[in-house]
Amino acid sequence: MSPLTSATAADPGGTFDNVTSLFPDGWEDAMEPPPAAGGEPWDTPVDLGESRTLPAFPTDTLPGWLGDMVTAVAEETQTPADLAGCLALAAVATAAAGKVRIHIRGRWQEPTNIYTAVAMDPGSRKSAVFDHMIRPLLTVESTLAEISQVRIVEAELALKLAKAAAEKAGQRAANADADQRPALTQEAIALGKEAAAVTVPAETQLVADDATQESLGTLLAEQGGRIAVMSPEGGIFDIIAGLYSGSANMGIFLKGHAGDMVRVNRQGRPSQHVDRPAVTMGLAIQPEVLDAIAKVKGADGRGLLARYLYAVPESLVGSRNTEPELIPDDVVDTYTAKLAALAMALFDRAETATLTLTPEADAVMRAYQKVTEARLAKNGPLRPILKWASKRDGAVARLAALLHLATHPTDGWDRPVEAATLAAATRLGDYFTTHALHVFDAMGADPGRDAARLLFDHLRANPMPTFTKRDLFRAVPRSDFRTIADLAPALDLLEEHGWLRQQAPPPRTARGGRPPSPRYQLHPQLTRP
């Protein structure tokens, strides 16, 4: 007879305190969620999609002088390093774009211009960051403009003399005897061709503010096919959306990133071709601008949105140091000198320099391509941003070229790109990828979903098995939900996804009065994580 049988026989009505449990501690938690009040079981909730934790800008990927400037500017202005970091990359691209390309393998080459867009709320001191990061570039531009002024004077005088010589030759041919006229005519024609071949350069300009498609085309033609658009407001998106033309006009912005040939028609002058335009953009925009540009016809379909490297840093407003360390003078001086060295070294270069990769750097690039390709699979994490992610490897190659040139600003085009530089560029690529996923997710989201995510995070951190709408309003941060009515769309969405449900209201009394606040039950997965 077993011990259990014996105990039962000896004391049929007794307890079994001496019996070892067949279930481990906590076994109840592993069971299905218990039925709610009223006996109705919970269904498995539908994933709402949680907000991503966005990485900070990896300043350590930049060469010392560039990283020092980014860190110092971020400290003095008390802004996230993301804005200064993206502008630092755009500044190097401004100096190098149109003058340097990077060869990966085969016929695959990438230019060195980039489009960056940093989304920040008003009052985030964007203008101060732009002033610190772009003013040294304007100093370089001023020096190059002085050099170009001398060349303009020389070219104008040469053109004047050439035209005068051609005109005199034409007069001699017109007054010559019949037997001398053919020879003199040929001479006049030759001198006329020489005059037509004299080109008066425009004053050098590296940076433009918000520019229309037409003015940008003119600038590209005048500046040898390269120009940068830098703006702390992002009004360029309004122009692309048709602020002046009345319809979306983005052709030159598409070609200016890819380097596709642009035909420039200027009033009163013959049309001109820009074989490989190189437009660089460094923009700071308000977050809602992204929503607006996403709605512009063709912006997504034609790939404009896929060309930008996005950053959405967390605001420091409310936690800023009111006594920050100021930017050291030597950091600014070094930043200005290095940018100037790069721009000056490339200014007179007639042919585009081509960077190459070391075998080790090529191996890093191949490994990164394999990762990208795997994540673009049907159910891969990059599939939702297929158009952007398809340009990711090219963007990493461009970033590697910029890091390389910043490391060797006076002779980088004579050196191959090292594996360490390519690896640093892949880290930047991962940073921009995470931010792009967030941006494109936000573009397709509705305000109710964003509010539901905030409420979901709050309930997960502060679970309440049951609560009324008024209880919840008292508990949530007022910065997220200003009025009790703001809770309604978030509660509705959470209820649709099965994370909570509304209880039946108690029966009304005959005395009437204000109806009770709706009472909700929270899914056990949140009350017992």
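Within the option set Ile227, Ile147, being surrounded by fewer than 16 Cβ atoms within 10 Å (Cβ to Cβ), touching a Ser or Thr at 6+ places or on another chain (Cβ under 9 Å) and under 24 Å from Met344 (Cα atoms) holds for one residue only, Ile147. Selection of region 504-527 for residues being surrounded by 14 or more Cβ atoms within 10 Å (Cβ to Cβ), more than 20 Å from Ala461 (Cβ to Cβ) and modelled with pLDDT under 85 yields Ser517, Pro518. Taking the numbered list (1) more than 18 Å from Cys86 (Cα to Cα); (2) in contact with a strand residue (DSSP E or B) (Cβ under 8 Å, 6 or more places away or on another chain); (3) assigned to a helix (DSSP H, G or I) in turn, Thr354 passes all entries but (3). Out of the residues in region 352-364 meeting the condition of being touching a residue at least 40 places away in the same chain (Cβ under 8 Å) and not aliphatic (A, V, I, L, M), tell me which one is surrounded by the fewest Cβ atoms within 10 Å (Cβ to Cβ). If we take residues in region 352-364 being touching a residue at least 40 places away in the same chain (Cβ under 8 Å) and not aliphatic (A, V, I, L, M), then Thr354 is surrounded by the fewest Cβ atoms within 10 Å (Cβ to Cβ). Residue count for region 405-423 under the criterion of being surrounded by fewer than 22 Cβ atoms within 10 Å (Cβ to Cβ), under 16 Å from Tyr368 (Cβ atoms) and in contact (Cβ under 8 Å) with a residue 24 or more places away in the chain: the result is 3. Taking first residues from region 66-91 that are under 25 Å from Ala208 (Cα atoms) and partners that are assigned to a helix (DSSP H, G or I) and of a type in the set (Asp, Glu), the Cβ contacts under 8 Å between residues at least 6 apart in sequence or on separate chains come to Gly67/Asp60.
Looking only at region 407-425, residues that are more than 25 Å from the chain's Cα centre (by Cα) and assigned to a helix (DSSP H, G or I) come to 3 in all. Does region 456-475 include one or more residues that are of a type in the set (Lys, Arg) and at pLDDT below 85? Looking through region 456-475, none of the residues is of a type in the set (Lys, Arg) and at pLDDT below 85. Within the set Ala361, Ala299, the sole residue that is in the same structural domain as Pro416 (by TED's automatic domain parsing) and modelled with pLDDT under 95 turns out to be Ala299.
Does Pro277 fit the bill of being surrounded by fewer than 17 Cβ atoms within 10 Å (Cβ to Cβ), in contact with a strand residue (DSSP E or B) (Cβ under 7 Å, 6 or more places away or on another chain) and modelled with pLDDT under 95? Considered against the rule, which asks whether it is surrounded by fewer than 17 Cβ atoms within 10 Å (Cβ to Cβ), in contact with a strand residue (DSSP E or B) (Cβ under 7 Å, 6 or more places away or on another chain) and modelled with pLDDT under 95, Pro277 comes out as no.
When the residues of region 138-172 are filtered to those that are β-branched (Val, Ile, Thr) and in contact (Cβ under 8 Å) with a residue 40 or more places away in the chain, the one that is farthest from Gln205 (Cα to Cα) is Ile152.
In summary, Thr280 fulfils each of the numbered conditions (1) more than 21 Å from Val207 (Cβ to Cβ); (2) among the polar types (S, T, N, Q); (3) in contact with a Phe, Trp or Tyr (Cβ under 8 Å, 6 or more places away or on another chain) with the single exception of condition (1).
When both residues are 6+ apart or on different chains and their Cβ atoms are under 9 Å apart, which pairs have a first residue that lies in region 251-265 and is among the acidic types (Asp, Glu), and a second that is surrounded by fewer than 23 Cβ atoms within 10 Å (Cβ to Cβ)? What qualifies is Asp260/Leu254; Asp260/Arg276.
Determine if region 327-339 includes at least one residue that is assigned to a loop (DSSP other than H, G, I, E, B) and surrounded by fewer than 21 Cβ atoms within 10 Å (Cβ to Cβ). Checking region 327-339: at least one residue is assigned to a loop (DSSP other than H, G, I, E, B) and surrounded by fewer than 21 Cβ atoms within 10 Å (Cβ to Cβ). Pick from region 234-252 the residues that are small (Gly, Ala, Ser) and either surrounded by 18 or more Cβ atoms within 10 Å (Cβ to Cβ) or not in a helix (DSSP H, G or I) (or both): which of them is modelled with the highest pLDDT? The residue in question is Gly235. Taking (1) in a loop (DSSP other than H, G, I, E, B); (2) more than 21 Å from the chain's Cα centre (by Cα); (3) not acidic (Asp, Glu) in turn, His103 satisfies each apart from (1).
When the residues of region 303-326 are narrowed to those that are surrounded by 17 or more Cβ atoms within 10 Å (Cβ to Cβ) and part of a loop (DSSP other than H, G, I, E, B), which ends up nearest to the chain's Cα centre (by Cα)? The selected residue is Val312. Among the residues of region 106-122, is there at least one that is over 26 Å from Lys255 (Cβ atoms), in the same structural domain as Ala395 (by TED's automatic domain parsing) and surrounded by fewer than 22 Cβ atoms within 10 Å (Cβ to Cβ)? Yes: region 106-122 contains one or more residues that are over 26 Å from Lys255 (Cβ atoms), in the same structural domain as Ala395 (by TED's automatic domain parsing) and surrounded by fewer than 22 Cβ atoms within 10 Å (Cβ to Cβ). Among the criteria (1) in contact with a Lys or Arg (Cβ under 9 Å, 6 or more places away or on another chain); (2) at pLDDT 95 or above, the one Tyr431 does not fulfil is (1). Out of the residues in region 452-507 meeting the condition of being closer than 18 Å to His523 by Cα and among the aromatic types (Phe, Trp, Tyr), tell me which one is nearest to the chain's Cα centre (by Cα). Out of the qualifying residues, it is Phe456. Set side by side, the residues Arg349, Arg398 differ, and just one is in the same structural domain as Ala278 (by TED's automatic domain parsing), within 25 Å of Ile134 (Cα to Cα), surrounded by fewer than 14 Cβ atoms within 10 Å (Cβ to Cβ) and basic (Lys, Arg), which is Arg349. Does any residue of region 53-65 turn out to be touching a Gly at 6+ places or on another chain (Cβ under 7 Å), modelled with pLDDT of 95 or more and exposed (fewer than 14 other Cβ atoms within 10 Å of the Cβ)? The answer is yes; a qualifying residue exists.
The values are calculated or read from the model by the stated rules, or taken from the named source; none is laboratory data. All of these numbers come straight from a predicted model, not from anything done at the bench. When we count neighbours, we look across all protein chains shown, and the Cβ atoms used for this are built from the backbone with ideal geometry, even at glycine.
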